[in-house]
Amino acid sequence: MRKPGNPHRQKKGRGRVLTLEALWWKHQGQCKYCGCTTVLGGSGPTMATRDHVRAKARGGKQSGNLTLSCPACNQDKGSASASDFQRVRAVTR
């Protein structure tokens, strides 16, 4: 049974992690990297996903390090930093 409190946060270790739904509302459904509109639930190219702004592989923490992303940007970004990924996207567009 869930404890009372903010339904948009999940307890993980010592910090609190935003749920996918909370991230979706926070970013108004827009992918941080390409700006496309994402949807909650389901599957496919417009499905909303959580992305670590600073990759866990590079020491990024879970709490306060998440943003909303579409599946394509999440996969393409990999372990790059958000700023490096956006710089590369700007050059290749």
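Could you derive backbone 3J(HN,Hα) for segment 75-91 from the dihedral phi with the Karplus parameters 6.51, -1.76 and 1.60 (θ = phi - 60°), listing whole Hz in sequence and x where the residue is Gly or Pro?
Calculated HN-Hα couplings, in order: 6, 5, 5, x, 9, 5, 6, 4, 5, 5, 4, 5, 5, 5, 4, 5, 6 Hz.
Within 10 Å, count the other beta carbons around each residue, average over each peptide in 49-55, 68-74, and list them highest first.
For the peptides 49-55, 68-74, the packing ranking is 68-74, 49-55.
Under a point spin-label approximation (7 Å from Cα along Cα-to-Cβ), what is the Gln30-Arg89 distance to one decimal in nm?
Those two pseudo-labels are separated by 1.2 nm.
Taking amide H positions as placed 1.01 Å from N in the peptide plane, with prolines and chain starts having none, which residues 5 or more places from Val39, or on another chain, fall under 5 Å of its amide H?
For Val39, whose amide H was placed from the backbone, the distant partners under 5 Å are Met47, Ala48.
Based on the mean of other beta carbon atoms within 10 Å per residue, what is the order of 78-88, 34-44, most packed first?
78-88, 34-44
Where the eigenvalues come from the Cα gyration tensor of segment 16-91, what are the semi-axes √(5λ) of the equivalent ellipsoid, largest first, in whole Å?
After diagonalising the Cα gyration tensor, the semi-axes are 18, 16, 10 Å.
Assuming 0.36 nm per residue, please report the length gained on full extension of the stretch Ala80 to Arg54 beyond their Cα-Cα distance.
Gain on stretching Ala80 to Arg54: 8.6 nm.
Let me check I've understood the local charge: for Leu68, count other residues with C-beta under 11 angstrom from its C-beta, Lys and Arg +1, Asp and Glu -1. What total comes out?
Overall, the nearby charge balance is +1.
None of the figures in this text is laboratory data; all of them are computed from the coordinates on show. Worth saying up front: this structure is predicted, and the values here are computed from it rather than measured. All Cβ positions, glycine included, derive from the backbone under ideal geometry; neighbour counts span all protein chains shown.
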